[in-house]
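See structure below.
The values are calculated or read from the model by the stated rules, or taken from the named source; none is laboratory data. None of the values given here were measured: they were computed from a predicted structure. Here the Cβ positions follow ideal geometry from the backbone for every residue, glycine too, while neighbour counts run over all protein chains shown.
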Amino acid sequence: MCAFNAKKILNTSKLSLILRRLASQLYENHNHFENAVLIGIQPRGKILAKKLKEILISEYKIKNIDLGFLDITFFRDDFGRKNKILSPNKTSINFFIEDKSVILIDDVLYTGRSVTAALAALQSFGRPKKVELLSLVDRRFSRHLPIQPDYYGVKVDSINNQRVEVKWDKNNKEASVYILQNEK
Amino acid sequence: MKNKLSVSNLLGIKYISLEDINSIFDAAENFKEVINRKIKKVPSLRDITIANLFFENSTRTKISFELAQKRLSADVVNFSSSGSSIKKGETLADTVNNILSMKVDMIVMRHPSPGASVFLSKNVNSCIINAGDGCHEHPTQALLDAFTLKSKLKDFSNKNILIVGDILHSRVALSNILVFKKLGANVKVCGPLSLIPKYIETLGVEYESSLENGLKWCHVASMLRIQNERMNQSYFPTTREYAKQFGLNLNKLSQCDKDIIITHPGPINRGVELSTDLIDSGKTVILDQVENGVAVRMAVLYLLASKL
C-alpha cells in the first residue's frame, strides 16, 4: 500500500508536552509504582513505554519502574485471514504481574483488536489486580470492540482508508504523528 | 519472518528454500520463549484440526508434535496403524481421504515407506507434514538439529559438521546433510563403508573413514543410531567392533583437545554410538534438541497453517 497526502497532526514539541502530561497522570494514579508496571505492546508501544519510563524517572525521581514488552502475534484474531504473515517480536516480561496494576501502552488505538489480544496474552504472566490502557492516539469512532483508553494523548477523527502513524527518528528521540491516506 | 513459506506442505528439506528455513527459525525463537512461560499455550491454531498419522513407532516425534499442536490450541486426533482399517487392506490414500472428509485441516504423517508423504501430497488435498518417511527424509528433525546448532554456532559458514553412523538407513542423515549444506556448513560423513550410500558425493559431502580424524576436523559431531530394524543383512561384523571404531566416548573426545558439540536425534543405543559416560556427562546437546523440537514444530505448524 502506497501512502500519499500525509497530514501532520502532532510535531515533536507538542508530542513532548503530551508525553509529560501522560507521565504526570500516571504519577498521580500510581505514585512511586510500587504496585504498578508498564508494559509496551510490541512493536510500536515499545518506544512509547520506554519514553514514559524515562520521564517518570527523570522528572518524578522514581527509583524503580518495571517495564516489559508484550508480543501479541500469537493471540491475534486475524491469523490466516491476511495475505501477509504476522511477524512476531520478542516478549520480555521479567517480573510478576500477579496482583499488580498493569498499564498497557500502545501508540495508536484503532479497532481495539490489538488490545483484546494483549489482554489475552497478558494472562500467561499472571492475574493482574487491574489493567489500564494508555494510548498516544485514540482513533475514536473506529472501534470494533468495547475498548476505551484510560489515558490518551490526542483524539483523532479518521476514516477507514486512512492510517495514523507515529514516526520516530533513527535514535527514537524525536517523533511526529501523521494521518496518511491509503491508496485503494 | 517477512514472508510466508514458499511451500504448502513440509515434505522434505529438499523442497524448501534457505528463506523458508530462516523464517522457521525466526518463528521457533519466539515459540521457544512461549514454551518457557508458566502458561505455555497460545490460541493461534484454535480453528485448526490436525491428524497425526503414525504408521511406524515413535516416541519423541509423536509427543513433540502433539505438544506443539496443543500449545498452539489446535484440535488433535491421533491415529496409529495397529488396530485400524489398514489391517483390513484399506489403502493409504483412502484412509487419509476418509479422515479428511471429517474436516481435518492438516496431516502429520510418519510412514515406513520412503516417499509416502510425497505420494500423499499428490493424492489428497490437504497440508501434509512429513514426520519421517522410511529412510528418505525427516525434515522437522533436521530443522530442530540446525536450530539447536544455530544457537551454539551463531553462523554456519566455515563450520565443519561430521555425521557419524548409519547414513544408509537414516532419514535424519539425508535431511541433516541437506539443511546443513543449505545453511552453508561443510559436511563429512563417517561410518563403515557398508553404511554409506553410493550417491553420497553427489550431495556435496565427503567421506571420512576415521572417526579420530573426523573429530579433529569438525566443530559438530552428529551421532546417528544404528538402525537394526531396517537392516536386512549384516553391515558390520559385530556391534562391539562398531562401537570401538565409530562409537564416541569421553576418552576419544578428550584426545581432540577442543570443544565439539555432540548431537544425537534419539533414541540412543547406549554403548554403541555413544558411551554411557559421555551421555551422562552433560557434554551433549541431546536434551536441548528435544526442547527445541517442540518450538520448531510449533513454528512449522504455525507457518503452514497460515496458508490454509
- If you check B:GLU206 against the conditions, is it modelled with pLDDT of 90 or more, surrounded by fewer than 17 Cβ atoms within 10 Å (Cβ to Cβ), in the same structural domain as B:SER281 (by TED's automatic domain parsing) and out of contact with any Gly (no Cβ under 8 Å at 6 or more places or on another chain)? yes
- Task: Would you point out which residue out of B:VAL124, B:VAL164, B:VAL118, B:VAL172 is buried (at least 24 other Cβ atoms within 10 Å of the Cβ), hydrophobic (A, V, I, L, M, F, W, C) and under 29 Å from B:PHE79 (Cβ atoms)?
- Result: B:VAL172
- Quick one: would you say B:ILE48 is within 14 Å of chain A (Cβ to nearest Cβ) and over 16 Å from the mean Cα position of the chain (by Cα)? yes
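Filter segment B:35-45 down to the residues that are under 20 Å from A:GLY80 (Cα atoms) and facing chain A (nearest Cβ under 7 Å) and list them by number.
B:VAL42, B:PRO43, B:SER44
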- Note on the structure: For A:PHE96, the lone unmet condition from (1) more than 14 Å from chain B (Cβ to nearest Cβ); (2) not in a helix (DSSP H, G or I) is (1)
- Message: Against the condition more than 26 Å from A:ILE97 (Cβ to Cβ), more than 8 Å from every other protein chain (Cβ to nearest Cβ), surrounded by fewer than 19 Cβ atoms within 10 Å (Cβ to Cβ) and among the basic types (Lys, Arg), how does B:ARG60 come out, does it pass?
- Response: yes
- Query: Which residue out of A:PRO88, A:PRO146, A:PRO128 is at pLDDT 90 or above, within 14 Å of another protein chain (Cβ to nearest Cβ) and part of a loop (DSSP other than H, G, I, E, B)?
  - Reply: A:PRO128
- Query: From the list B:SER222, B:SER254, which one is in contact with a His (Cβ under 9 Å, 6 or more places away or on another chain) and within 26 Å of B:THR148 (Cβ to Cβ)?
  - Reply: B:SER222
- Item | Test: residue in segment B:72-80 that is surrounded by 22 or more Cβ atoms within 10 Å (Cβ to Cβ), at pLDDT below 95 and within 11 Å of another protein chain (Cβ to nearest Cβ) | no
- Residue within segment B:92-111 that is within 25 Å of B:LYS70 (Cβ to Cβ) and acidic (Asp, Glu) present: yes
- Report the residue count in segment A:113-125 for those that are surrounded by fewer than 17 Cβ atoms within 10 Å (Cβ to Cβ) and more than 14 Å from every other protein chain (Cβ to nearest Cβ). 0
- Of the residues in segment B:91-121, those that are under 19 Å from B:LEU5 (Cα atoms) and of a type outside the set (A, V, I, L, M) come to B:ASP105, B:SER117, B:SER121
- Query: Hey, A:ARG81 hits all of (1) out of contact with any Phe, Trp or Tyr (no Cβ under 6 Å at 6 or more places or on another chain); (2) surrounded by 19 or more Cβ atoms within 10 Å (Cβ to Cβ); (3) within 14 Å of another protein chain (Cβ to nearest Cβ) but one; which does it fall short on?
  - Reply: (2)
- Task: Might you check whether a residue that is assigned to a helix (DSSP H, G or I) and in contact with a Cys (Cβ under 6 Å, 6 or more places away or on another chain) occurs anywhere in segment B:300-307?
- Result: yes
- Item | Single residue of B:VAL296, B:VAL290, B:VAL300 found to be in contact (Cβ under 8 Å) with a residue 40 or more places away in the chain and surrounded by fewer than 20 Cβ atoms within 10 Å (Cβ to Cβ) | B:VAL290
- Flag for A:SER176 being at pLDDT 95 or above and part of a strand (DSSP E or B): no
